[in-house]
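Visitor: Here it is, the structure in full.
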């Protein structure tokens with residue numbers, strides 16, 4: 001049995017760091033950053049774009065505005081605009097590793113994987129590696145199907161930040177993409193137990209459990225994160241998918 005790659009790639013954390021740490025770097029306007037999580041096309045998503053567009057127009061070189069605006073655009077699936085904002089941001093802030101990482105993320109989301117990898121690696125300092133850039137590099141390598149290389153990069157990053165939930169999340173999904181299910185479960189359990197783990201990490205654990213046929217435990221984990229009916233529907237869909245795959 002192989003696992004559907006499209007659904008898993010969307011769960012890879014390219015920027016590194018959990019939601020709280022990343023958004024804290026972007027800005028302190030809670031309503032705007034929370035709306036970045038809204039579904040594309042909703043009024044909340046459009047409001048987030050409008051808020052950050054105004055901030056960006058005031059100062060196009062401001063890193064806070066660049067990151068906030070590009071994230072809001074990406075969340076609303078306005079990828080070409082996000083790409084343009086970050087390309088300008090990289091030019092204006094050539095040494096800013098977070099902007100470079102965000103640019104790599106958008107390139108990867110556009111399917112421009114070799115370019116994304118190049119941008120991320122160029123921003124890296126080999127003598128003093130940045131773990132977020134390593135996480136970004138690993139996520140892109142996973143999308144390219146180079147899972148063994150990706151895991152080597154994640155392990156390098158984990159030497160810098162041993163208990164980062166986003167890194168462990170990516171490592172666990174890399175194992176899953178390689179159909180190394182026990183390793184994936186072990187790693188995602190470790191990630192989900194950390195205080196910095198977000199809902200996405202625990203949902204990924206539920207996915208790994210379900211893929212192994214541990215539906216009861218998977219539903220228990222999923223129900224803690226989702227509406228019970230949605231969790232039940234997700235597990236039912238996963239059962240059907242696995243049955244169809246034989």
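Every number here is computed from the coordinates shown, using simple stated rules; none is lab data. Computed from a prediction, not measured in an experiment: that's the story for all the values here. In this analysis, Cβ positions are derived from the backbone assuming ideal geometry, glycine residues included, and neighbour counts consider all displayed protein chains.
Visitor: In terms of the Cα gyration tensor, with a ≥ b ≥ c the square roots of its eigenvalues, is segment 67-122 rounded because a/c is under 1.5, prolate because a/b exceeds b/c, or oblate?
Guide: It comes out oblate by the Cα gyration axes.
Visitor: By its C-alpha gyration tensor, with a ≥ b ≥ c as the square roots of the eigenvalues, how is segment 106-150 shaped: rounded for a/c under 1.5, else prolate for a/b larger than b/c, else oblate?
Guide: The shape class here is oblate.
Visitor: Just the ratio, please: alpha-carbon radius of gyration of segment 107-231 over 2.2 N^0.38 Å, N its number of residues.
Guide: Working it through for segment 107-231, the quotient is 1.11.
Visitor: At what distance in nm do the modelled label points of residue 233 and residue 196 sit from each other, each positioned 7 Å from its Cα along Cα→Cβ?
Guide: 3.4 nm
Visitor: What number in nm² do you get for segment 31-166 if you take the convex hull of its Cα atoms and divide its surface by four?
Guide: Result: 8.4 nm².
Visitor: Among 163-174, 141-152, 205-216, how do they line up from the highest to the lowest mean number of other beta-carbon atoms within 10 Å?
Guide: 163-174, 205-216, 141-152
Visitor: Just want the ordering: 58, 121, from fewest to most Cβ atoms lying within 10 Å of their own Cβ.
Guide: In increasing order of surrounding Cβ atoms, one gets 58, 121.
Visitor: Using 0.36 nm per residue of separation minus the Cα-Cα distance, give me the extension gain between residue 59 and residue 148 in nm, one decimal.
Guide: Length difference between fully extended and current span is 27.9 nm.
Visitor: Relative contact order for segment 53-132 using alpha-carbon pairs under 8 Å, separation at least 6, rounded to a whole percent?
Guide: Computed over segment 53-132, the figure is 22 percent.
Visitor: Okay, moving on. Classify segment 154-199: rounded, prolate or oblate, from the alpha-carbon gyration tensor (a ≥ b ≥ c, eigenvalue square roots; a/c under 1.5 rounded; otherwise prolate if a/b is larger than b/c)?
Guide: Judged from the Cα gyration tensor, segment 154-199 comes out oblate (a/c at least 1.5, b/c at or above a/b).
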